[in-house]
Structures are given as C-alpha cells and as structure tokens.
Amino acid sequence: MNRKLYKYSLACVFLVVLFSCKHNEGEYHNLNDKIKAESKSYHGTLSSEALIDGIKTVEITEGGHTFLIPERKSQIKSFACIECHNVGLDKLQSKAIKKAHWDIALAHADENTMNCATCHNGEDMNALNTLTGNKVDFNKSYKLCAQCHSSQFEDWKGGAHGKKVAGWAPPRASYTCVNCHNPHDPSFKSRWPSRYNTEQVEAPTAESGH
C-alpha cells in the first residue's frame, strides 16, 4: 500500500512539474526568466552615445563603477586660476588690488567649520585641496564633497543619487555634485510648485479703472 501511495505521489509531482513548465513561445517559468529573455534583443542596440556627442567628458572609476562625468575645467570662466593668482595670497589680499571674488558668499557651513581654504589650495590655485592637504583636480571635485557627504557619494557612485547627462542606456554619463549644487551655497531654495508659477497678474489699465 505504501509503495502504491509512493508511486501515486511521485506521478502527481511529475504531472505538476510537467504542466507548470510552460514551453510555449512567450511563456516563462518566472519573472526573471521573462526579463532576461525579453531584454536580449535590446542588448547592444540602445545607446546614449548620440545624446552625449559633443559634450566633453572624462572617465572615472569609483568603488568598482566606471562611468563618464562632464569635463569641468574648460567650463570655468577664470581657469586657469594662476593667471590671476600669480603671487601669494598675502599680496593679493592687499588693498591696492581690487577684490575679485566679491560676489561669492560662502553658505556651506559655519565659518568655524569651513572657509575658502577648506577646499581651495593656497599653494596651487589650479587645484582643489582635501581636508588632509591632498591636491584634487577640478574635474574630480566630487572627491571633496565625499569627505562629508559619504552616504550621498555612495548612492551617486551606484547611480541612485544625481542626474544622468543623457539617458539610462550605456555608456553611463552622470552629472557630478557641482552640476546640480552650487559648491559655495549648495542648499536648494524653497520653490512654489511650477503650476502656480504659470499664472500671471495683469497690470491695471486706465480703461479698466482698476
């Protein structure tokens, strides 16, 4: 009796497996199989190359992720900095020389935590400066941000934080911190929802009397 029951149970299991496996075209064992099968035809056909064509980029590798970021130095109006910073800061700060960065107000942290020298290298104005005194190229300014904003940096490396230059299709090209945040004043200001900004108030006219 037990042997018959065993054979019967085995036959039932076989039938369940047989009919649960779908071999028809377009049918899959599970969702992962479907994603893999349906996405095969797209591999190598979708690309962001045309969208980033003409944009200067540099390739970086961070935490096992290799991707492109916008080249920055050519976009800085006053770079190279040593064109003006050709003498020591003590001389440049004299009253005889007009103050150049008059419009920059540092609102990144309180003055006891951060000042200009926190990020800018006083010995080489063409490079940035880490908290430990290491030089950082302007194209890799995100390394400075990562010193304090480590969780955001981890998300950015993986692609979860920030914005893409083009689309999600390879090659990956991601904006850096300074493409979205002003490094001297990084907080985003409060804004009304865009739908409220579309309404305009008409100016009163003499004819209307209002």
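Values in this text are rule-based calculations from the coordinates and carry no lab data. This one's a predicted model, so the numbers in the text were calculated from it and none came from an experiment. Methodologically, a virtual Cβ is constructed for each residue, glycine included, from the backbone with ideal geometry; neighbour enumeration extends over all protein chains shown.
What FRET efficiency do you get for Q75 and S187 if R0 is 25 Å and r is their Cβ-Cβ distance, rounded to the nearest 0.05?
Efficiency computed from Cβ-Cβ geometry: 0.65.
R0 = 45 Å: FRET efficiency of C148 with D33, Cβ-based, nearest 0.05?
According to the calculation, E is roughly 0.55.
Just how many % of Cα pairs in region 98-181 lie over 18 Å apart, if you round to the nearest whole percent?
The calculated P(r) of region 98-181 puts 52 percent of pairs beyond 18 Å.
Taking amide H positions as placed 1.01 Å from N in the peptide plane, with prolines and chain starts having none, which residues 5 or more places from D185, or on another chain, fall under 5 Å of its amide H?
Here the answer is A107, since their amide H atoms fall under 5 Å of that of D185.
Using the Kirkwood radius built from alpha carbon pairs, what does the Stokes-Einstein equation give as D for region 128-174 at 4 °C and 1.567 mPa s, in µm² per second?
Calculated translational D: 109 µm²/s.
Once label points are set 7 Å from the Cα along Cα→Cβ at both L131 and A169, what is their separation, rounded to one decimal in nm?
So the label points at L131 and A169 sit 4.2 nm apart.
Give the long-range amide H neighbours of N129: residues separated by 5 or more places, or on another chain, with amide H under 5 Å away, using H modelled in the peptide plane at 1.01 Å from N.
Long-range HN contacts for N129: H120, N121, V136.
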